[in-house]
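Chemist: There's a structure below that I have some questions on.
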Amino acid sequence: MIKEIGRAKINLTLDILGVRADGYHELSTIMQTVALADELELKKISSGVNLKMDASRIKGGEKISVDEKNLAWRAAVEFQKFCGKDFGVEISLIKKIPVAAGLAGGSTDAAAVIRGMNRLYELNLTESELCEIGGRVGSDVPFCVIGGTCLAEGRGEILTKLAPIKNFSVVLAKPDGEISTAWAYKTYDENPAKIHPPNAEIIEQLKRGEYDAAFKNFSNVFEDVAIKKIPVIVDLKSKMLAAGAKVALMSGSGATVFALTDEKSVKKISSSVEGTGAQVFITKIF
Ligand code: C5P
């Protein structure tokens, strides 16, 4: 038996550059791992996939499928297909990351299964092979395999590792309501953004440690899309900023808002969103 950790991600900045011939969107996004994580245990079984899940700690956890639609299950199947061998696995998953929240909760479980099966069966697949398997499961999975701070381009699978950013504390506020990624892209296409984040400049600023300048440039083109469905996002951002957040922005296709801050302001920021109905998670850059 082996243990794996599937950490959540936030998007420090997210841009859509256009629609591709295959229907996917060309992305440019800086992804960052945070410490908030799901926990997994993997055991060898004679064949196939067996998934057990405890989602009692998260709101709406009862709606997560525990079958072949679950990304953890799909990752195990893609791993077996890639290897051309039925490496049987029993996966026990404890969910702590909220679902459909823009935090890659499902993708990170898939990535943990891929890393874990490689260890469990002592296969020594390379990082790029693990990412290739991940890409067959979902666009965010390759990043979740690697983690850290990365620029993700293409569908999300072309990754450039960036220098780690300072270990800020992170406050996550997950409002009620879920956003499906496919819906967010479709709605974005009907009304694409006119202003785009200057990602090349942001990367240089982060590299030089000019955080305040970089934070002013952070933006996410999905924010306006998500706000139409979940208007409280505007409120969460302004409350967190007023309470001392260095930056407050929506992650991924939403609807979680993250705030980066020094440790001393964490309490004030998390208290500032009380009464909005949002679930609050305190974590840090990982
Ligand atoms: O790759 P994944 O299955 O996570 O993507 C979910 C949906 O999000 C896709 O079906 C597609 O509609 C959309 N998507 C996209 N462009 C991307 C990533 C995802 O259009 N780069």
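The values are calculated or read from the model by the stated rules, or taken from the named source; none is laboratory data. The structure presented is a predicted model; accordingly, all values stated were derived computationally and were not measured. Note that we place each Cβ from the backbone using ideal geometry, even for glycine, and neighbour counts take in every protein chain shown.
Chemist: Out of everything in the range 169-214 that is under 14 Å from Leu17 (Cα atoms) and surrounded by 19 or more Cβ atoms within 10 Å (Cβ to Cβ), what residue ends up being nearest to the ligand (Cβ to nearest atom)?
Modeler: Checking each candidate, the answer is Tyr188.
Chemist: Residue pairs, Cβ under 7 Å, 6 or more apart or interchain, first in the range 167-195 and more than 20 Å from Leu12 (Cα to Cα), second away from the ligand (no atom under 15 Å from the Cβ). List them.
Modeler: Asp176/Gly277; Gly177/Lys229; Gly177/Ile230; Gly177/Ala255
Chemist: For the condition over 21 Å from the mean Cα position of the chain (by Cα) and at pLDDT 95 or above, what is the one hit in Ser251, Ser265? Lay out the reasoning, then the answer.
Modeler: Values: Ser251 fails: over 21 Å from the mean Cα position of the chain (by Cα).
Criteria check complete, one pass: Ser265.
Chemist: Could you say whether any residue in the range 245-268 is touching a Leu at 6+ places or on another chain (Cβ under 6 Å), among the aromatic types (Phe, Trp, Tyr) and either at negative phi or surrounded by 15 or more Cβ atoms within 10 Å (Cβ to Cβ) (or both)?
Modeler: Within the range 245-268 (the criterion being touching a Leu at 6+ places or on another chain (Cβ under 6 Å), among the aromatic types (Phe, Trp, Tyr) and either at negative phi or surrounded by 15 or more Cβ atoms within 10 Å (Cβ to Cβ) (or both)), the answer is yes, since at least one residue qualifies.
Chemist: Return the residues of the range 16-65 that are assigned to a strand (DSSP E or B), touching a Lys or Arg at 6+ places or on another chain (Cβ under 9 Å) and within 16 Å of the ligand (Cβ to nearest atom); say none if nothing qualifies.
Modeler: Scanning the range 16-65 gives His25, Glu26, Leu27, Met31.
Chemist: Can you report the number of residues in the range 16-38 which are under 15 Å from the mean Cα position of the chain (by Cα) and not small (Gly, Ala, Ser)? Don't jump to the end; show me each part of the working.
Modeler: Step one: list which residues in the range 16-38 are under 15 Å from the mean Cα position of the chain (by Cα), which gives 27-38.
Subsequent filtering for residues that are not small (Gly, Ala, Ser) retains 27, 29-34, 36, 38.
The qualifying residues number 9.
Chemist: Also, quick follow-up: One residue is enough: does the range 130-142 have a residue meeting the conditions within 15 Å of the chain's Cα centre (by Cα), surrounded by fewer than 19 Cβ atoms within 10 Å (Cβ to Cβ), within 24 Å of Asp176 (Cβ to Cβ) and within 16 Å of the ligand (Cβ to nearest atom)?
Modeler: no
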